[in-house]
1. Gain in length, Asn103 to Arg160, computed as 0.36 nm per residue apart minus the alpha-carbon separation, to one decimal in nm?
2. So the label point goes 7 Å from the Cα of Asp228 along Cα→C-beta, right? Which residues of the stretch 11-37 then have their backbone N under 16 Å from it?
3. I need Arg218, Arg160, Arg167 ordered by Cβ neighbour count within 10 Å, fewest first.
4. Taking 0.36 nm per intervening residue step and subtracting the Cα-Cα distance, what contour gain separates Asp59 from Thr9 on full extension?
5. At R0 = 22 Å, how high is the FRET efficiency between Ala93 and Val31 if r is their beta carbon distance? Nearest 0.05 is fine.
6. Whole angstrom only: what separates the Cα centroid of the stretch 183-207 from the Cα centroid of the stretch 11-87?
7. Hey, how much of the P(r) for the stretch 1-122 falls beyond 23 Å, as a percent of Cα pairs?
8. Rounded to the nearest 500, what is the chain's calculated 222 nm mean residue ellipticity when only DSSP H runs of at least 4 contribute -39500 (n - 2.57) each, over all residues?
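Computed from the coordinates by the stated procedures, all read-outs in this text should not be read as laboratory data. Here the structure is a predicted model, which means the values were calculated and not measured. Note: ideal-geometry Cβ built from the backbone for every residue, glycine included; neighbour counts use all protein chains shown.
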Amino acid sequence: MCTVTFVPTVNGFVFTSNRDEDPKRAATQIVEERRGDLLVSFPQDAEAKGTWIAFSDKDQFACILNGAFLPHQRKENYSMSRGAMALAYFDYASIDAFMDAFNFEGMEPFTLLLYNAGDFCELKWDETDLHVRKLSTNDIHLWSSSTLYSQEWWLDRTLRFKEFVARQRPDQKEIMHFHANELPFVPEALQALIGSAKPLTNIPVETTSVTSIAKHKRGYDFHFQRTDGKLTTHKSTY
């Protein structure tokens, strides 16, 4: 939900997401849900029952990050949770159909990454406008939640990750290991974002899990790993 990477490979890609959240909201199960003719798989938020990352058996995925461009002041109520919106994407035939028909008014700011059979797109909602950017599947990408990481932290992480990929040519498990050990949430990131002179303590946020989707010739490999070791899942689709 908060640090996400995309790495192109010879036969597809590896897409990986850290969830930086209150540990009380750590996923306790992987859900498989029928939505029309799709089978959608996702780790379920223990509190809100939505998700931050999901993929279907029809060459699609969706991943949500908190915030758009800048930190924002949270309101008491929103029209829909962002995790429910990520699942609603699978009810539409294409990314364009979703953007055209879904009502974003009243949503909390977000960054939504959508993939559909080679079509890759970034949507940012700032509570006023939807900003759309088409993405290349031939490039390495890294995103960080604007509610936890400054631009300087995003740039540093991007450079370190690209150096790691260039040096190691890592597989899916190695990328997940890098996410867990080199890109976890640390209080210093939030301290830099809010400009606090003092170190922050007792922050109810940590990297609770790493999720990864790898596309290859035969289909997909899905890995989910809670950082406390309480839930690990692997699924392959062919």
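1. Here the segment from Asn103 to Arg160 would lengthen by 16.8 nm.
2. 19-30
3. Lowest to highest Cβ neighbour count: Arg167, Arg218, Arg160.
4. Gain in length upon complete extension: 16.4 nm.
5. 0.45
6. If we compute the Cα centre of each part, the gap is 23 Å.
7. 29
8. The per-residue figure over the chain is -6500 deg cm²/dmol.
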